[in-house]
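The values are calculated or read from the model by the stated rules, or taken from the named source; none is laboratory data. What you see is a predicted model; the values in this text were computed from it and never measured. Here Cβ is always computed from backbone atoms with ideal geometry, including for glycine, and neighbour counts include all displayed protein chains. To get the accessible areas, we keep the full protein, side chains included, count just its heavy atoms, and leave off ligands, DNA and RNA. Shrake-Rupley method; radii C 1.70, N 1.55, O 1.52, S 1.80 Å.
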Amino acid sequence: MKLRAITLKDVRRFTDPVRIDGIDNGVNVLSAPNEFGKSTVFDALRALFFVPHGSRGKEISQLRPHAGGAPEISVEIETADGTFLISKRWLGKPEVRVTRAGVMIAQADEAEGWIARLLGGGDGGPSGLLWVRQGLNSLAEGSNKEQQAALVARRDLLSSVTGEVEEMTGGRRMDAALARCREELGVYATGTGRPRAGGPWADAMQEVDGMVLEREAFARRVEKLQTALTERARLRRELADLEASEAVGERKARLEAAKAAHGAAQAYAEKVTLAMRTLQVATTTAERARNDLENLKTIKNDYASAMQNDEKAKAQLLEAQAVLAIAEQAFGAAVGEHDTAERGHQRAADLLQQVQARSKAIAANDRRRELEERLGQANAARQAVEAEVAVASVGPNETDMEHLRALAAALSTARALRDSTATRVMMRYLPGQEGSLRHPKGPLEHNTALPIHTDTGLHIDGLGELLVLPGEGPEGLSDVASVKTEVSTALSSLGVSSVDEAEVAHRKRKEAGDRLTQVRAELAALAPKGIEDLQRQLATLPAPAAGDGTDLPAEEEAAKNLDNAKALAAERAATRDAVRERRDDARMARVQAQVRHEAAAERLKSAGIALERLASKDEAELVRLADTAETEWTNADTALSQLRAAAPDISTTEATLKRVQSVSNAAHQRIDALRPAIAALNERITGNSGEAVEERLQETDEKLEVARTHCARVEREVKVLQRLQRALEAARSEARDRYFEPVAEELRPLLHLLWPDAELNWADDTLLPQSLIRNGQEEPVDILSGGTQEQIAFLVRLAFARLLAKGGRHAPVILDDALVFTDDGRIERMFDALHRQAEGQQIIVLSCRQRAFRDLGGKALKITAAVDQE
Amino acid sequence: MIFRFIHSSDLHLGRRFANITEPPDGNLRGRLMEARFDKIRVLAEAAREQGAGHVLLAGDTFDSATPSLQVLRQALAAMRDAADVQWWLLPGNHDNLRNAEPVWDEIGGDAPENVHGLLDTSAIEITPGVALLPCPVPVRATGRDLTEDLTRVQTPEGTLRIGLAHGGVVDFTDSGEQIPPDRDKSAGLDYLALGDWHGRLQVSARTQYPGTPEQDRFKHDTRGQCLAVTIMGLGATPEVSEIETGSFLWAELALPLHEGEDAAAALDARLLTTERRNTLLRIKAGGWASLAGHAALRVAAERHAPEFAMLDLRTDGLGTLHDMTDLDAIDHAGAMRLAAERLMAEAEDATLAEEQRDIAAAALNRLYAYSTEAPR
């Protein structure tokens, strides 16, 4: 169907008929300002096609002009069957007619039916997809009724192209199967495929785990029980073995035997001990006999030896005495010579001392004379110092003078100041009159100013006295007076009457001071430590020596003599010491010879006594006794050896007895320990066996097997459901993709005008795009910008329109202000999309954006006044 | 001299059947345990009916080496109550001398007078002219043939020699414990009463296994029984008769299915119709069935199950035939059909691991179930 012309009368502002003519194929643009009536045209078309002529509803009443009236709308359409005029009027004489070339085709309800068939039936038909009213810029806007109508239209369209969506995706059956599969799976597993807590899968696994633990616990108890049984059997056998009469008898017999053996061994050991004592006695006796014999021989030999020794010692003593006598004599001579040399040395030293004393005395006399001279000079200098001191302390010192000078200067300054401000008189004498004017101090000089400070009378020769009365006094007069007073005071204190005098006094003082300094320096040079020190030095000098000492040798000679004497004394001393040493050695040798002689005599004496003691013994008798003792010893030794050879090992019998005893004791102890141990095991075994642990273990084994089988079945069930879910979801997803492919294929190039790689994902409940994929990112449509949503909606409608057209169902696309949020950059591409899709179709664009849509192109439509077509 | 006795073994008193799934009424295990215990009474009755004064229990009287006091004491009390019967208990591998020492201590110390524990290999004159030659099992695994000692046991001239032993005549584990099948001859026995096998087995005329008097597994497909043995005299061939004693039947039913066969009908035809309450039945389905056939078989089994003590349907060996009608039942086209086709392809892809194929087949079966239950 294509629209060719639209006529309105009594429709809102169009009370007079208006017409839009020449609506062409392709893009048609009605661009007019706001409130020009564009939306009225849109609403009028919708009313014509979808609102029955008998309707008095809101959508009709809103079409009426303010002043009232019956809205009339006519549309010329072109279909495959020709050109028709559809006219409808509401409210006042409502009617609807369909005519072709003026011939009535249908009217009233028949006409309504004809219109419905034209649109393809349903509430809205393709207009839900293709007619966009102003303000509805996205695909999911509008009233519920409008949205539902649009959904139906979309479904009808897609179904007509690809088949019913339900048929393709499985529809409710698929939903039910998937829901049931998910529901059943959800009982077992979470969304991530893990066992759901509290679900049968988790329970089955827990059951198995619990059974395993329980089984392990029973197995441990069974093991413990079996261990206890084994242990008890072992202990019982051990106890039985220990308590067996045969075993008891055997232990007793062994113990008795061990005791007997050990007793016999002990008795035998005593016999051996006795034999050992006998041997010991024989040994002692034999040794004594031998010793006696040996002693006799030894003593005789000792005596002879002692005699020889004694003779020898005596001879050595005599020799040592002779040597000592010679050494004593030599030592005496050496001592004499040394004494003589010592005396000579002493004399030389005394002589030298005398010579030195003489030299000292001469030096002392010279020294005395020097000191006396210096002392005299020093005394004189001291007197000079005292004199100068007296003078140098009189008169003003430097400080006084500075003060006085300062006062004098101040006085001069004050005077000058005073004079500079004082009244002055100057006399210029006539020639020959000089000196005729006198002041108290004398005549005035010619042409010389004389300051007058106080009332002053000036005598003028021949005239009288001229009084000069300066008045209050010149400036500085009082200062001069005060300074002058100070000067007077200072002079007075210094004992002078003037500054000059003070200067003179000061100069004298200073000169005296200089002289004082000089004589002090001289005194210091003469007596650095003072005159008293000179006096003391003088006092320490010896009295002048009497005689001249001419009989004494020179000091040098005396010293040389002394050295020679000293050397001789030293030599003689060394000789004396050497001789002494030889003498001492001779003394020592004599002493040692004495000692040896005494020792030899002592030894001889002892040997004589010992020999005397044994004189009574017969050597032959001693030999016989020794032989007898030897024989007895041999016999005792043989007897002991024989006994030892046959002796039982008492250590062994003792060890055997201990061992056997310990075995017997251990058996008793073991028996005592086994009984309570067995009793304890009995109790444990009875307790465990009474609890039927083996039965319960076996039962647990069986339960575990059942649990594992059940768990395996559950896990298989989970796998089956998961596999089924995957299969159903994959199949449905593929079917959905196939369902939307036609519209996606139409839409793709349009999307790529805006985004080169864009794709849309579709919701199969609303059959609308739900997300945009561009630049690899998927973005839900409802969060896209208003402009982008508008553009997508726009392009989707164009795609739907093309699909309809391909299906032979041509319907005009009517867009009322459909691109309000699109920027200038994209709007051109939208225009390109419009023209691309307009091939074979009719697109009517209503817009108030005249400037923006100027570049859209297409056929420009106008609303013009119309002649009543009636 | 005629000597009669009851020969039984492997009572396994105290077994708890924890591997048996409890039905909703929660009492099958108890019933099974009670049935075992009741065998003492049944054996005593059998002895009376046969005129036998002795019951020889050839091992494994107790299921574990340490039965609970209740199990032990109640068993002894039941034996005591059958005071006209002498009970001869041989330790088996489950209740061997070592591990079950407390049991044998209890029996040795405090058992009723008519209950005898055979704790060593000494020959016992159980009645004048009849010697019992026991071979008690000392430990769980002995590694040798315990009946070998019988060849050295002497008995007075003219005495019947009855051996009592526990073990297998076939050595599956190469343990050396095999009892020679001609032990009766080598030991000069008039009869060798064996235990350990839970199924009835006649090794020779003089060497017999009675089997357990109450079955406990799906192996032998019969009810439990005991043997009534009559020896007419020295050298006489024993007369052995079987006496059914079992309360429960443990049966295993093979159910081979063919392509196109009605699985439910096949099952119905094979099932027992009587005494289902005391029957534990394991059905092993094999062969091939379609998805619908699987479902039908499952439904049929679920329908019959409540009548049985236990009905266990095993379909591990039942292959699934998938065809287009199955897939059509899921959907004719669209995503559901696509999913089903893919699952079927995966289930039939021989290059994939068996588990993966099995999972895919099960997923397809599940999808089929969802689809056949969901309204169109």
With respect to residue A:849, is the statement that it is part of a loop (DSSP other than H, G, I, E, B) and either closer than 25 Å to residue A:45 by Cα or in contact (Cβ under 8 Å) with a residue 12 or more places away in the chain (or both) true?
yes
Tally of residues being touching a residue at least 24 places away in the same chain (Cβ under 8 Å) and within 14 Å of chain B (Cβ to nearest Cβ) across the stretch A:232-272
3
Report whether or not residue B:279 is of a type in the set (Val, Ile, Thr), farther than 17 Å from residue B:35 by Cβ and under 27 Å from the mean Cα position of the chain (by Cα).
no
Which residues, taken from the stretch A:481-500, are of a type in the set (D, E, K, R) and closer than 14 Å to residue A:402 by Cα?
A:486, A:500
Selection from the stretch A:168-203 of residues that are in contact (Cβ under 8 Å) with a residue 40 or more places away in the chain, away from chain B (no Cβ under 14 Å) and part of a helix (DSSP H, G or I):
A:200, A:201
Wholly enclosed strands (runs of 3 or more DSSP E) of the stretch A:380-472 bearing at least 1 residues free of Cβ contacts under 8 Å to residues at least 24 places away in the same chain
A:437-439, A:456-460, A:464-468
Exactly one of A:731, A:793 is facing chain B (nearest Cβ under 8 Å), farther than 30 Å from residue A:198 by Cα, of a type in the set (A, V, I, L, M) and assigned to a helix (DSSP H, G or I), and that one is A:731
Starting from the stretch B:323-350, take each residue that is under 13 Å from residue A:731 (Cα atoms) and list its partners that are surrounded by fewer than 18 Cβ atoms within 10 Å (Cβ to Cβ) and of a type in the set (Ser, Thr, Tyr), counting only C-beta distances under 9 angstrom and pairs at least six apart or across chains.
B:335/A:733
For the list (1) open to solvent by less than 60 Å² (accessible area, probe 1.4 Å); (2) out of contact with any His (no Cβ under 8 Å at 6 or more places or on another chain), I need the number of the one condition that residue A:758 fails.
(2)
Among the residues of the stretch B:302-310, are any free of Cβ contacts under 8 Å to residues at least 60 places away in the same chain, among the aromatic types (Phe, Trp, Tyr) and open to solvent by 30 Å² or more (accessible area, probe 1.4 Å)?
no
Away from chain B (no Cβ under 14 Å) and in contact with a Ser or Thr (Cβ under 6 Å, 6 or more places away or on another chain): does that describe residue A:275?
no
Selection status of residue B:104, in a strand (DSSP E or B) and modelled with pLDDT of 90 or more:
no
Leading residue by the ranking (farthest from the other protein chains (Cβ to nearest Cβ)) among those in the stretch B:82-98 that are out of contact with any Pro (no Cβ under 9 Å at 6 or more places or on another chain) and open to solvent by 20 Å² or more (accessible area, probe 1.4 Å):
B:84
Scanning the stretch B:228-240 residue by residue, the ones that are in contact with a strand residue (DSSP E or B) (Cβ under 8 Å, 6 or more places away or on another chain), open to solvent by 50 Å² or more (accessible area, probe 1.4 Å) and within 14 Å of residue B:204 (Cα to Cα) total 1
Quick check on this structure: which one of A:640, A:657 is farther than 17 Å from residue A:272 by Cα, of a type in the set (A, V, I, L, M) and part of a helix (DSSP H, G or I)?
A:657
The one condition residue B:28 fails out of (1) touching a helix residue (DSSP H, G or I) at 6+ places or on another chain (Cβ under 8 Å); (2) of a type in the set (A, V, I, L, M); (3) within 14 Å of another protein chain (Cβ to nearest Cβ) is (1)
Which of (1) assigned to a helix (DSSP H, G or I); (2) within 12 Å of another protein chain (Cβ to nearest Cβ); (3) under 19 Å from residue B:198 (Cα atoms) does residue B:72 not meet, given it meets every other one?
(3)
Residue A:225 fails exactly one of (1) open to solvent by less than 50 Å² (accessible area, probe 1.4 Å); (2) closer than 30 Å to residue A:191 by Cα, namely (2)
Residue A:728 being within 30 Å of residue A:185 (Cβ to Cβ) and buried (at least 19 other Cβ atoms within 10 Å of the Cβ)
yes
Subset of the stretch A:735-751 that is in contact with a helix residue (DSSP H, G or I) (Cβ under 7 Å, 6 or more places away or on another chain) and within 11 Å of another protein chain (Cβ to nearest Cβ) - its residue that is most open to solvent (accessible area, probe 1.4 Å):
A:738
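Here is a yes/no grid of residues against (1) under 30 Å from residue A:606 (Cβ atoms); (2) part of a helix (DSSP H, G or I); (3) of a type in the set (A, V, I, L, M):
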position	(1), (2), (3)
A:215	no, yes, no
A:233	no, yes, yes
A:256	no, yes, no
A:275	no, yes, yes
A:302	yes, yes, no
If you go through the stretch B:1-21 one residue at a time, how many are within 14 Å of chain A (Cβ to nearest Cβ), in a loop (DSSP other than H, G, I, E, B) and either within 21 Å of residue B:87 (Cα to Cα) or in contact with a strand residue (DSSP E or B) (Cβ under 9 Å, 6 or more places away or on another chain) (or both)?
6
Quickly run through the stretch B:150-172 and pick out the residues that are open to solvent by 40 Å² or more (accessible area, probe 1.4 Å) and either part of a helix (DSSP H, G or I) or free of Cβ contacts under 8 Å to residues at least 40 places away in the same chain (or both).
B:151, B:152, B:154, B:156, B:157, B:170, B:171, B:172
Which listed residue, of A:838, A:860, A:811, A:865, is open to solvent by 80 Å² or more (accessible area, probe 1.4 Å) and among the aliphatic types (A, V, I, L, M)
A:865
Among (1) in a loop (DSSP other than H, G, I, E, B); (2) open to solvent by less than 10 Å² (accessible area, probe 1.4 Å); (3) out of contact with any strand residue (DSSP E or B) (no Cβ under 6 Å at 6 or more places or on another chain); (4) more than 14 Å from chain A (Cβ to nearest Cβ), the one test that residue B:59 misses:
(3)
Flagged in the stretch B:282-336 as within 13 Å of another protein chain (Cβ to nearest Cβ), more than 30 Å from residue A:168 (Cα to Cα) and at pLDDT below 90, in numbering order, are B:315, B:316
Filtering the stretch B:255-279 for residues that are within 15 Å of residue B:299 (Cβ to Cβ) and either in a helix (DSSP H, G or I) or open to solvent by 80 Å² or more (accessible area, probe 1.4 Å) (or both) leaves a count of 7
Which of the numbered conditions does residue B:344 fail, given that it passes all the others? Conditions: (1) within 13 Å of another protein chain (Cβ to nearest Cβ); (2) more than 21 Å from residue B:263 (Cβ to Cβ).
(2)
